1. Would you mind calculating the gained length between GLN91 and LYS171 on full extension (0.36 nm times residue separation, minus the Cα-Cα distance), in nm to one decimal?
2. Please give the contour-minus-distance gain from GLU15 to PHE61: 0.36 nm per residue of separation, less the Cα-Cα distance, rounded to one decimal in nm.
3. What angle do you read, to the nearest 10 degrees and between 0 and 90, between the alpha-carbon axis of helix 82-94 and the longest principal axis of the chain?
4. State which entries of LYS46/LYS138; LYS46/LYS68; LYS36/LYS56; LYS2/LYS114; LYS68/LYS124; LYS68/LYS104 exceed 27 angstrom in Cα-Cα distance in the structure shown.
5. If R₀ is 35 angstrom, what is the calculated FRET efficiency for the pair ILE102 and LEU134, using the beta carbon separation as r and rounding to 0.05?
6. Return the FRET efficiency for the residue pair ASN30, LYS68: r is the Cβ-Cβ distance, R0 is 41 Å, and the value is rounded to the nearest 0.05.
7. Which cross-chain or sequence-distant (5 or more) residues have an amide H under 5 Å from the amide H of PHE74, H modelled 1.01 Å from N in plane?
8. Full extension from VAL123 to SER4: what is 0.36 nm times the residue separation minus their Cα-Cα distance, to one decimal in nm?
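What follows draws every value from the coordinates through simple rules; no lab data is involved. Treat the numbers as computed from the prediction; the structure is a model and nothing was measured. Note that we place each Cβ from the backbone using ideal geometry, even for glycine, and neighbour counts take in every protein chain shown.
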Amino acid sequence: MKSSLIQLEKGIKGEVVISPELEMMMYSLNQNTVPKAWSDSYFSMKNLGNWNTDLKARYEFFELWAQKGQPFVFHISYFTYPTGFTTSLLQRFSRKAGSPPIDKLEFDFIPTQKSVADISEVVKDGAFITGLYLEGAKWNIEKQCLMEPEIMELICMMPVLHFKPIPKRAK
């Protein structure tokens, strides 16, 4: 991103020839869309401003994880491949003594009444997850059930969920 922006700036100043790729990038920036060269980072349908904000939040999340260790709550939408993350949770649980093999496990999704800021320890099995949304409904934290959203409220954040590995239930 940085090198392509430097090249574009030089092109605008007339210091280098603007290639077709730089021209497409300039067009994307003017349209507030993510340039094709940058879209390989992760799939997103967001406009450029929201994409940039999201990219910064992702970077900060993973940087904090690398510096301070495992977070108490994982923001699932920051993962490029969330299925790999959830599979790793099942795999870690299956390696415990007396646990069933990974193909005999599934998740129980337990909504919590705590906010992300209120969670101050790593859960024993599985993980606390945030970053999931409801469309056309909202979650009632007190009654622990779905309810109608407010008027003109299209998308509502889900509460923090505990993705807890459990043995597969009989059908």
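1. Working: separation 80, 0.36 × 80 = 28.80 nm, distance 2.25 nm.
So the extension gain works out to 26.6 nm.
2. Working: separation 46, 0.36 × 46 = 16.56 nm, distance 3.73 nm.
Working it through step by step, the gained length comes to 12.8 nm.
3. 30
4. Working: LYS46/LYS138 22 Å; LYS46/LYS68 30 Å; LYS36/LYS56 18 Å; LYS2/LYS114 39 Å; LYS68/LYS124 18 Å; LYS68/LYS104 33 Å.
LYS46/LYS68; LYS2/LYS114; LYS68/LYS104, as the Cα separations exceed 27 Å there.
5. On the way: r = 29 Å, r/R0 = 0.83.
With a Förster radius of 35 Å, E is 0.75.
6. Numbers: r = 39 Å, r/R0 = 0.96.
With a Förster radius of 41 Å, E is 0.55.
7. PHE128, ILE129, THR130
8. Values: separation 119, 0.36 × 119 = 42.84 nm, distance 4.20 nm.
Net length gain for the segment: 38.6 nm.
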